[in-house]
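Everything on this sheet refers to the single structure shown next.
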Amino acid sequence: MTEWTMSGALNRALYDALAEDPRVLVFGEDVGRSGGVFRVTDGLQAEYGEARVFDTPISEAGIAGAAVGLCFAGWRPVVEMQFDAFSYPAMEQVVDHVAKMRMRVRGRVDMSITLRIPAFGGIKGKEHHGESPETYYAHTAGLKVVAPSSALDAYRLLRQAIADPDPVIVLEPKARYWSKESGELASDGPGIGNARVLRDGENVTLMAWGAMVARVLDSAAILADEAISARVVDLRSLSPLDDAVLERCARETGRVVVVHEAPRSVGLGAEVAARIMELAFDHLQAPVARVTGWDTPYPPASLEQLYLPSVERICDAARKVVAY
Amino acid sequence: MTEWTMSGALNRALYDALAEDPRVLVFGEDVGRSGGVFRVTDGLQAEYGEARVFDTPISEAGIAGAAVGLCFAGWRPVVEMQFDAFSYPAMEQVVDHVAKMRMRVRGRVDMSITLRIPAFGGIKGKEHHGESPETYYAHTAGLKVVAPSSALDAYRLLRQAIADPDPVIVLEPKARYWSKESGELASDGPGIGNARVLRDGENVTLMAWGAMVARVLDSAAILADEAISARVVDLRSLSPLDDAVLERCARETGRVVVVHEAPRSVGLGAEVAARIMELAFDHLQAPVARVTGWDTPYPPASLEQLYLPSVERICDAARKVVAY
Amino acid sequence: MSDEPEHGAGTEPVRILAPDGSPVGDADVGLSPEELRELLRWMVLARRLDRECVALQRQGELTVYPGFEGQEAAQVGSAFALGQLDFVWPTFRELAVALVRGVDAVQYLQYHRGTWHGGPYDPRATRFGPICIPIATQLPHAAGYALGQRLDGSDAVTMAYFGDGSTSEGDFHEAANLAGVWRLPMVLFCQNNGWAISLPSSEQTAGEIWRRAEGYGFPGVRVDGNDVLAVHRATARALERARRGDGPTLIEAMTYRIGAHSTADDATRYRDDAEVERARAADPIARFRSWLLAAGHADDRFVTACEEQADAFALEVRTGVIATPAPPAEWMFDWVYADPPPSLGRQRDEALG
Amino acid sequence: MSDEPEHGAGTEPVRILAPDGSPVGDADVGLSPEELRELLRWMVLARRLDRECVALQRQGELTVYPGFEGQEAAQVGSAFALGQLDFVWPTFRELAVALVRGVDAVQYLQYHRGTWHGGPYDPRATRFGPICIPIATQLPHAAGYALGQRLDGSDAVTMAYFGDGSTSEGDFHEAANLAGVWRLPMVLFCQNNGWAISLPSSEQTAGEIWRRAEGYGFPGVRVDGNDVLAVHRATARALERARRGDGPTLIEAMTYRIGAHSTADDATRYRDDAEVERARAADPIARFRSWLLAAGHADDRFVTACEEQADAFALEVRTGVIATPAPPAEWMFDWVYADPPPSLGRQRDEALG
Ligand SMILES: Cc1ncc(C[n+]2csc(CCOP(=O)(O)OP(=O)(O)O)c2C)c(N)n1
Ligand SMILES: Cc1ncc(C[n+]2csc(CCOP(=O)(O)OP(=O)(O)O)c2C)c(N)n1
Ligand SMILES: [Mg+2]
Ligand SMILES: [Mg+2]
């Protein structure tokens, strides 16, 4: 069994996708020669050449728009936006075109675009390097949005995203790029649209995605010592959400805590809470609790741990929900 | 008592703000000479001159960014984005700078920017002319977001937005520009942050904003005939939300329907539902119901009435919630 | 014929026919008399249909309609130069280009009828992209498409249309820069029709649009956009250049929007009638017709036949447009994803009852 | 001294001092010997501090730090030309400009220490805008600020810094176009340091950046960015021009980023050491010092004093930086709104316990 970092597994996913499908292209800022600021595209240009793996000027709107045009020409662009906030200049292209084009042309052209975005905080980054943009994308009809939490699942989700005929935003938790997981890489298994139960439990369900999954697992371990049996769900597919898992876990545990880094208001946690209320109202023993970033801009590095949901805050919320 | 169209009342709000505060500037695409595509800026340039009311090139990012710079020079820019979707090219400027700048400079400069956006659907418009962008803005910490539903309240909210030291996005329901209301224009009264109860009722609360408020009022009238007493709340302030009113109405009626045009997933209705669950869980008799646009792009004119929440859909939801 | 653009010709636009139709340059642009007659036929057809569309809008059969009267030479002259496999990325005002490309007019007009967004026609079959409303956003699409074509070893050229107002958007710039640095097989065709809704081009930019090209490292040329021969020649040269692998060209065709911005717009609020009258006097169709007749390439009978054909065509399109029903409601759901999520299926059921 | 930019001077950058320090143009740029010595002093100070910052980062006292070694002449030469009331909109690499503007270095470095975003210093008092990370987004701010200053009847000029890579962004373009069409009192100062992270400027654009200006209707000039005198003169002229009401100028200063993009970057992955060595040989400080000594405006003692002063300054800054604590946690909440909503107050309580 090999040990993979998430960065390495993502690199391998790109490598394998490029090998399997000659229509796959990888491009973005600094993805070629330098191999990307997180090394996720390392070695790809050397292997597949400058025609298929290439650097672009600093033009996020131009890059996203070019991806749309490439789809019309029958290519499958896998595009990197260098950091979360640097996907915002491409917002018009993503919302108006990437998300809507398939409908506009009545399915004659697949928008088989994968938009990789190193996202979320936790690396003591500069401002604009710690944003959690999932609300913007998950609210946009026509897109799919995923966020892996571990190396093997990152490989799987990225392969599935690239193979998907619809546009998929892949939010890669940059704080977990160097996290490790052992096992065989595989692209089959739980698909886009499916959540994963990572730990079973009966008293409360903790739901998270990306880098928060690790914190939620840590929290579940602590809670176990207090005889609170916490189930852990990695949502991974943020759009579409896995209604079946939401419903089942809410019914079975009656108590849910949803955790994310993004600001609370209109965060994806609100959607999770609203759906759970719709799907399992009569089984809820307590209101769905949200442990989230605050309704403030992402703070400077020295304050980020006060901003991010901590194991303490998660455990507290779980205790309250259980005691409700 | 004068009768005002919403467009006329907004025009008057700009007129009065320009008169009262010499630091107010009004600019955007076609707002000067032509008076705006909805005539909201009609006559302002003639009255206040080209230095204070002016047309810009087609550069939404440039316009929003220029507004930031103008704030540093001590001006209060009131900016129009011509239509909802045409605010997306400015997203990076709005999210990275308009929303965050005050924090970055520790309050030394107020981002006293008002961003007026004719928004929402219902006018048989071309594509990109019927979007409901409130999720994008209400999720962005540092912004305030309002959406008036009537002429007099439009006047009030726009005046308050311009006077506010913080950046305010004003989503003007274009389908209601020609709706009329009689009364005296006044800028005092319920402020940003406050919802308004427009109709009292005991069995269920219907919450909406913008053009949907009229439909919700119509629905309440129909429900009354069926002996369902529906309270109607115009949320108007989408960020911050009025937690006190959310809590009180949820507690008092035990049943809530929230209505909006935007796609359901991660729509503002999710936040309303999640907060109500947090604030009034034990008083809820039924899950908060959401009547919304579908999780699809805004459709062509000939299908838009199937997309927008109809009086039928609203009444149905209310009946189900009451019967729950 | 040299295929170098008349680069650097300067502020004075390249012109072959004077406004009165008399030749002031070499009128041999490589077209046969039959092809020259085709140019006139398309222009007459396009104008007739444009006017029909305005009427259809007034009668409630179309939603807002953006007319292009006055821009027939710019559109027809450029479109006529395209090869079968060249691909067009239009704005919302290129109906004449669509006609020349063979796009079915009734299908095209479903966009303006409000029955479908974007591309009811098949953009890959017609090689005419979906109608594009967000200003300048089609330009990066064109750049990507051009790149994709080149990667496939095709010698097809990608043609992007845009207006003077569009050149102020970031997307114009990003696409132009990509075109230059990647030396893409692409023509950037700007119709400078003097206005962007109510903003005259003099307030849109202080520069000359054709001059922008140099900053991106490729040639720019300004042509008289009401001179169909000049437009054709400039486009043909730019296409050849791109096909040869020498990269993009920016063409600025100086023309004029005779009508309002759209049927929802009242142009009298912001511009003088006198300006419009002057523009009418420089009518691109009259100019070319007069030359065509004088040069003996067509006679009055041909002109009359064109007009009759245009009337018949307009009537046929009118009938087709009026007959177009609203699309099935389920299409609102069915085309969003190739692989739709179950939750959307449930919404579909909810909506369709 | 004429205040016309050396517009159209062409691809060959304007130069006063050859790389070896020998004058190749008129070295009288209107500065007194004392001011000339100041130029050297600032450059020496800036380089010394830059190196200290890299060390501080290695020691964990700063987060990622973007050095500017090699760009001292471009930054100091341009900043030194600014008037007291002129306002600077920087990127993240203008520490030398900040120093010349009188921004407190310890405050500035709080940005890189991760204790505050943007502007821990007062941008209005220092007339130096908040540090800006999203590429080219500061340019529209500069345009708006310039407009605001003009509306107030001020003759202050707004100066916007940006890199070669920044010119590919839409925001660069939109701001430049606004500057042109509104004839704003503004200088667009591009430091072309050859690289944008791993992308060489030759792959960033096929055009020459200074040539972009013409397309916006104002002059552009390319100067040797390692020649502090040439940079100073070009900037002074552009500022004068703007102050006079004649509108913006685009200056492209050709320089080189000797170090990596930032302390997080490994430049050996994408560029040759040989290129860096060539650039080192064209060192801007050595060049100017050699001329200054040869011209008799300074002596070795002055040079030594500069270096000593720089060492002392670096130590002082180091001490100040290390002493800077994390900001109070409540600041995360207290500065977001002038008028914070109650819900944020509740979150504040939740966070602070
Ligand atoms: C991003 C964006 N902003 C604003 C608009 C509104 N709008 C529609 S057409 C138009 C003017 C376009 O001018 P130009 O590019 O010259 O084309 P023309 O209409 O003259 O053909 C504007 C501002 C839009 N469609 N998209
Ligand atoms: C919108 C945006 N996209 C990408 C980045 C990531 N990034 C940071 S610096 C940089 C290169 C900038 O190059 P240049 O403008 O030449 O400035 P230099 O770093 O050379 O000083 C990039 C791509 C960013 N900060 N903002
Ligand atoms: Mg135009
Ligand atoms: Mg650079």
Discussion item. Checking the a/c ratio against 1.5 first, then a/b against b/c, what shape does the Cα gyration tensor give for region B:14-143?
Written reply: oblate
Discussion item. Placing the label point 7 Å from Cα along the Cα-to-Cβ direction, what are the distances from C:Arg301 to the equivalent spots in the other copies, shortest first, in nm to one decimal?
Written reply: 10.5
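Other chains near A:74-83: what is the mean number of their Cβ atoms within 10 Å of each residue's Cβ? Don't jump to the answer; show the numbers that get you there.
Details: counts 5, 6, 0, 3, 0, 0, 0, 0, 2, 2.
That works out to 2 on average.
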Worksheet item: Using only Cα atoms, what Kirkwood radius does region A:223-284 have, in angstroms?
Response: 12.4
Discussion item. Taking every DSSP beta bridge with both residues inside region D:126-222, roughly what % is antiparallel (nearest 5)?
Written reply: 25
Worksheet item: What would the Debye formula give as log10 I(q)/I(0) at q = 0.04, 0.08 Å⁻¹ for the alpha-carbon point model of the protein assembly as shown, no solvent?
Response: -0.22, -0.94
Worksheet item: Based on the alpha-carbon gyration tensor of region D:275-342 and its eigenvalue square roots a ≥ b ≥ c, which shape applies: rounded if a/c is under 1.5, prolate if not and a/b is larger than b/c, or oblate?
Response: prolate
Practice prompt. Sort region B:167-257 into rounded, prolate or oblate with this rule: let a ≥ b ≥ c be the square roots of the eigenvalues of the Cα gyration tensor; rounded if a/c is under 1.5, and if a/c is not under 1.5, prolate when a/b is larger than b/c, oblate otherwise.
Written response: oblate
Worksheet item: Length gain on complete extension for the stretch C:Glu38 to C:Asp339, per 0.36 nm per residue less the alpha carbon to alpha carbon distance?
Response: 103.9 nm
Item to complete: Return, ordered by residue number, the residues of region C:261-277 whose backbone nitrogen is under 12 Å from a label point located 7 Å along Cα→Cβ of C:Ala286.
Response: C:277
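Give the calculated FRET efficiency between D:Asp311 and D:Arg244 to the nearest 0.05, with a Förster radius of 51 Å applied to their Cβ-Cβ distance. Provide the component values of the computation, followed by the final result.
Numbers: r = 42 Å, r/R0 = 0.82.
Plugging the Cβ-Cβ distance into 1/(1 + (r/R0)^6) gives 0.75.
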Discussion item. Less than 11 Å Cβ to Cβ from A:Arg248, Lys/Arg counted +1 and Asp/Glu -1: what total charge do the surrounding residues give?
Written reply: -2
Item to complete: Shortest first and in nm with one decimal, please list how far the D:Ser32 label point sits from its counterparts in the other copies (point 7 Å along Cα→Cβ).
Response: 8.2
Worksheet, complete the sentence: Non-local residues with an amide H under 5 Å from the amide H of D:Met159, with H modelled 1.01 Å from N and Pro and chain starts lacking one, are D:Phe87, D:Val88, D:Trp89, D:Val187
Practice prompt. Could you go through region A:183-189 in sequence order and give the Karplus-derived ³J(HN,Hα) for each residue, using 6.51 cos²θ - 1.76 cosθ + 1.60 with θ = phi - 60°, rounded to whole Hz, and x for Gly and Pro?
Written response: x, 9, 6, 8, 9, 8, x
Item to complete: Please give the peptides D:167-175, D:21-29 ranked by average Cβ packing (other Cβ atoms within 10 Å per residue), highest first, as a rough proxy for protection.
Response: D:167-175, D:21-29
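Which FRET efficiency, nearest 0.05, do C:Ala125 and B:Ala186 yield, Cβ-Cβ r, R0 41 Å? Intermediate results must be reported in sequence, preceding the final value.
Values: r = 59 Å, r/R0 = 1.44.
Between C:Ala125 and B:Ala186 the formula returns 0.10.
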Response to the item:
GNM on chain A, Cα springs under 10 Å; top mean-square fluctuation among A:Pro300, A:Pro309, A:Pro173 goes to A:Pro300
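Please compute the Kirkwood hydrodynamic radius of chain C from all pairs of different C-alpha atoms, in Å with one decimal. Display every interim value, and only then the final one.
On the way: mean 1/r = 0.0479 Å⁻¹.
Taking the inverse mean of 1/r over all distinct Cα pairs, chain C comes out at 20.9 Å.
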Worksheet item: Given H placed on each backbone N at 1.01 Å, which residues far from A:Leu198 in sequence or on other chains put an amide H within less than 5 Å of it?
Response: A:Val232, A:Val233, A:Asp234
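I want to check a number: in region B:3-182, how many lysine pairs have alpha carbons closer than 22 Å, given a sequence separation of 8 or more or different chains?
5
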Worksheet item: Counting only the backbone N, which residues of region D:215-242 are under 16 Å from the spot 7 Å out from the Cα of D:Glu12 toward its beta-carbon?
Response: D:222-225
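Would you kindly work out the equivalent ellipsoid of region A:250-313 from its C-alpha gyration tensor and give its semi-axes, the square roots of five times the eigenvalues, largest first in whole Å?
So the equivalent ellipsoid measures 27, 12, 6 Å along its semi-axes.
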Item to complete: Would you kindly derive the ³J(HN,Hα) couplings of region B:282-288 from the backbone phi angles with the Karplus curve 6.51 cos²θ - 1.76 cosθ + 1.60 (θ = phi - 60°), listing them in order in whole Hz, with x for Gly and Pro?
Response: 6, 9, 6, 8, 7, x, 4
Worksheet, complete the sentence: Residues other than C:Leu315 with Cβ under 14 Å of its Cβ, Lys/Arg counted +1 and Asp/Glu -1, net out at -3
Discussion item. Under 8 Å for C-alpha pairs, at least 6 residues apart: give me the relative contact order for region A:3-182, rounded to a whole percent.
Written reply: 27
Worksheet entry | Hz values of 3J(HN,Hα) by residue in region B:303-318 - Karplus curve (6.51, -1.76, 1.60), Gly and Pro given as x | 10, 5, 6, 7, 8, 5, x, 9, 4, 4, 5, 5, 4, 4, 4, 4
Practice prompt. For C:Gly259, list long-range residues whose amide hydrogen, built 1.01 Å from N in the peptide plane, is under 5 Å from its own amide hydrogen.
Written response: C:Glu69
Worksheet item: Between copies, how close do the C:Asp266 label points come, placed 7 Å along Cα→Cβ, listed in nm from shortest?
Response: 6.7
Item to complete: Tell me the label-point distance for the pair C:Ala55, B:Ala46, using the 7 Å Cα-to-Cβ offset, in nm and rounded to one decimal.
Response: 3.5
Worksheet item: So for the pair D:Asp152, A:Glu247, with labels modelled 7 Å out along Cα→Cβ, what separation do we get in nm?
Response: 6.1
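As an exercise, find the ratio Rg/Rh for region C:252-302 from alpha-carbon atoms, using the Kirkwood inverse-distance average for Rh. Before the final figure, lay out the partial values.
Details: Rg = 15.0 Å, Rh = 13.1 Å.
Ratio of gyration radius to Kirkwood radius for region C:252-302: 1.14.
Can you compute the helix-only [θ] at 222 nm over the protein assembly as shown? Use -39500 (n - 2.57) per DSSP H run of at least 4 residues, normalise by all residues, nearest 500 deg cm²/dmol.
Helix-only estimate at 222 nm: -12000 deg cm²/dmol.
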Worksheet item: With respect to the symmetry axis carrying chain D onto chain C, which residue of chain D exhibits the smallest Cβ distance to that axis, and what is the value in whole Å?
Response: D:Gly170, 1
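For peptide B:276-284, what's the mean number of Cβ atoms from other chains within 10 Å of each residue's Cβ? Display every interim value, and only then the final one.
Working: counts 4, 12, 5, 1, 1, 7, 3, 0, 4.
Shielding by partners across B:276-284 averages 4.
Which of B:Trp209, D:Trp182 has the fewest other C-beta atoms within 10 Å, and how do the rest follow up to the most? Show your work: numbers first, answer last.
Values: B:Trp209 30, D:Trp182 21.
In order of increasing Cβ crowding within 10 Å: D:Trp182, B:Trp209.
With an 8 Å cut-off on Cα pairs and a minimum separation of 6 or more residues, tell me the relative contact order of region B:233-324 in percent.
On the way: 116 pairs, mean separation 29.6, N = 92.
Contact order relative to length: 32 percent.
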Practice prompt. Considering only A:Arg251, A:Arg196, A:Arg104, give the residue with the highest GNM mean-square fluctuation for chain A, with springs between Cα atoms whenever their separation is below 10 Å.
Written response: A:Arg104
Worksheet item: On full extension of the chain, what length is gained from B:Asp218 through B:Asp282, given 0.36 nm per residue of separation minus the C-alpha to C-alpha distance?
Response: 20.1 nm
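For chain B, calculate the relative contact order in percent as a whole number, restricting contacts to Cα pairs under 8 Å that are 6 or more residues apart.
Details: 748 pairs, mean separation 52.0, N = 324.
It rounds to 16 percent for chain B.
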Worksheet item: Taking chain C as a Gaussian network, where each spring joins two C-alpha atoms under 10 Å apart, which residue of C:Leu99, C:Leu184, C:Leu315 fluctuates the most?
Response: C:Leu315
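We did not get these values from a lab; they are worked out from the coordinates using the rules stated. Fair warning: this is a prediction, and the values are worked out from it, not measured in the lab. Cβ: placed from backbone, ideal geometry, glycine included. Neighbour counts: every protein chain shown.
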